[in-house]
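Enquirer: Once you've had a glance at the structure underneath, I'll fire off some questions.
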Amino acid sequence: VANNHFIYGDQKIPYLVCPVPRHQHDISIHVNPDGSVQVDVPLDAKQAEINKAVLKRARWIMNNVEKARKLREHVLPRDYVSGESHFYLGRRYPLKVISNGYKGHAVKLLRGQLRILTPDPGKENVKRLLKRWYREHAREYFARQLSALVEDIPSLHEMPKWRLQVMRKEWGSCSPNGTLTLNPHLVKAPALCVQYVLIHELCHLEEHNHSKRFYRLLTARMPEWKSVKARLDGMAEMLLNE
Ligand SMILES: [Zn+2]
C-alpha cells in the first residue's frame, strides 16, 4: 500500500495504491465514502501504468470525490427522522418513521427502507430502537459468518467465545484468553469488510501480535485484505457515527 497523488486543475488529489493478489488483471479505481481514492492494482503493475490509468479517469474521480464530500451529512450528528439514510451491510437505507396507530415498537427492513414503527417518533426513542436493531442483526450475522469461517479453518476446532461491544475506533479485538470482541457498528459495513475483520480477529487466536506470521496467516485466508481494509477505513468515520 503506497500513497500517491495526481494534479487536476488546481487540486492535488491523493490516492492509495493497493496491490491485490488474486482475481485481478486490471487496475480498478474506487472513491470511498470519505472521499479517499483507492487504486487496486495487480501485484506486477508498473507505476507508469498506474499513473496513466488514474489520469485517464481523472474527471470521473474528481466528480466522485465531490459527490462523496457532499454526502458527508453522514458524519454530522444524526436526526433519526424519515428520509435520513442509515447503513446496513454496505447499503444505505432511508429511514421511515411511522408513528400513527402503533402501540408497540418494531424495526423492519422492508422494500428498501428501514421502517421504525413506534408511537414515539422522538429522536432519542428512534435512536434507541435502531441501535437495538443493529445489535440484534450484528449478533445474528456475525455468529453465522464466524461459524462458516471456523469450519473453513482446519486449525480452529471450535467456535471462539465472542461478544459485542461498541468501540469508538476499533472494529474488533482479541483478548489474550481468546475471546473476540466485535463492534456492532461493523454490521453497517459491506459483507467483505465484515469478513476481513472476522478473519483478522480469528488469526489472532493463533498469533496474538501483528507479526510476520500473523500477516502470512491473514494473507493466506484473504489475499486481497489490503484493498478490503482500505475500503473499510474509507467508511469508518461514517459507519461509527451515531
Ligand atoms: Zn489485529
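Enquirer: I'd like to check something: does segment 22-45 contain any residue that is in contact (Cβ under 8 Å) with a residue 40 or more places away in the chain, open to solvent by 60 Å² or more (accessible area, probe 1.4 Å) and more than 19 Å from the chain's Cα centre (by Cα)?
Expert: Looking for residues that are in contact (Cβ under 8 Å) with a residue 40 or more places away in the chain, open to solvent by 60 Å² or more (accessible area, probe 1.4 Å) and more than 19 Å from the chain's Cα centre (by Cα), one finds at least one in segment 22-45, hence yes.
Enquirer: Can you tell me which of 156, 192 is open to solvent by less than 60 Å² (accessible area, probe 1.4 Å) and either free of Cβ contacts under 8 Å to residues at least 12 places away in the same chain or of a type outside the set (Val, Ile, Thr) (or both)?
Expert: 156
The values are calculated or read from the model by the stated rules, or taken from the named source; none is laboratory data. Everything numeric in this text was worked out from a predicted model, so none of it was measured. Because the Cβ atoms are built from the backbone with ideal geometry, glycine has one as well, and the counts that use them run over all protein chains shown. We work out accessible area using only protein heavy atoms, side chains counted, and drop any ligands, DNA or RNA first. Shrake-Rupley method; radii C 1.70, N 1.55, O 1.52, S 1.80 Å.
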